[in-house]
Amino acid sequence: MRKKASKRNEIPILFYLFLLKINLHMTQNKSNLLIATILVAFAALMKAITFPYSFNPIIAISLFSGVVLKDKKIAFAMPLFAMFISDIMLEVFNIAPGFYGMGQIGNYASLLFVTVLGFGMKKSNATNVALFSVGSSILFFFLSNTNCFLFDNTNFYGTGLLGWTKCLVAGIPFLKNSVFTDLFFSSLLFGSYSIVSKRTKLLAVKAS
């Protein structure tokens, strides 16, 4: 009789745990979508406002999404949406040509590689954030400038290894600015996320 009673008691407990798991999963998804929406809007606006100085968090967001967001689809989509919306804004408000040809696809793809790089950050401490941020800047610089060289129909930099090298050298001033910008926004994103996470855990402990 006791065994039957214990089995009956296990059923509602397991059902409750199942519902709790679903609720936590849905809450996590809602949190991911909220974070993604806010960051996409912020990044697009910053790129449009600060053009042509490129003081925007798009590369930092690519890294951040790869580290923080568990949903890989959202992690990959977030920087792409940010870039796409900002390009629309540049075009609509006549700030600059938002869409300039097939070479632009390579720049979008470069952001995905930065997100993949973020998958490798196991702990988001200050040292890792700084190292991965600089790594993101260098990776995007290398990929975007290589893309620029490959889709250069005018042969502005020449051809072959020498032309590719000239293209990379020409982009070094932009790399310096990118390293500073990406470090700033990466520190802001990861720092803010860390503070919010700690406060959320404290509130959860107090509530329990």
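The values are calculated or read from the model by the stated rules, or taken from the named source; none is laboratory data. Everything numeric here is computed off the predicted structure, so don't read it as measured data. When we count neighbours, we look across all protein chains shown, and the Cβ atoms used for this are built from the backbone with ideal geometry, even at glycine.
Data for the structure
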read-out	value
The range 21-57, residues that are at pLDDT 70 or above, over 18 Å from VAL179 (Cβ atoms) and more than 17 Å from the chain's Cα centre (by Cα)	ALA48, ILE49, PHE51
Test for PHE142: is it farther than 28 Å from ILE74 by Cα and over 16 Å from the mean Cα position of the chain (by Cα)	no
Within the range 155-200, tally of residues that are in contact with a Lys or Arg (Cβ under 7 Å, 6 or more places away or on another chain) and either buried (at least 16 other Cβ atoms within 10 Å of the Cβ) or part of a helix (DSSP H, G or I) (or both)	1
Count of residues meeting criterion [under 12 Å from the mean Cα position of the chain (by Cα) and under 19 Å from THR181 (Cβ atoms)] in the range 81-107	2
Total residues in the range 109-131, condition more than 12 Å from the chain's Cα centre (by Cα) and either of a type in the set (A, V, I, L, M) or surrounded by 14 or more Cβ atoms within 10 Å (Cβ to Cβ) (or both)	8
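Yes/no per residue for (1) polar (S, T, N, Q); (2) at pLDDT below 90; (3) loosely packed, with under 15 Cβ neighbours inside 10 Å; (4) within 23 Å of VAL129 (Cα to Cα):
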residue: ILE59; (1), (2), (3), (4): no, no, no, yes
residue: LYS70; (1), (2), (3), (4): no, yes, yes, yes
residue: LYS73; (1), (2), (3), (4): no, yes, yes, yes
residue: ALA77; (1), (2), (3), (4): no, no, no, yes
residue: ALA82; (1), (2), (3), (4): no, no, no, yes
residue: ILE88; (1), (2), (3), (4): no, no, yes, no
residue: ALA96; (1), (2), (3), (4): no, yes, yes, no
residue: GLY103; (1), (2), (3), (4): no, yes, no, no
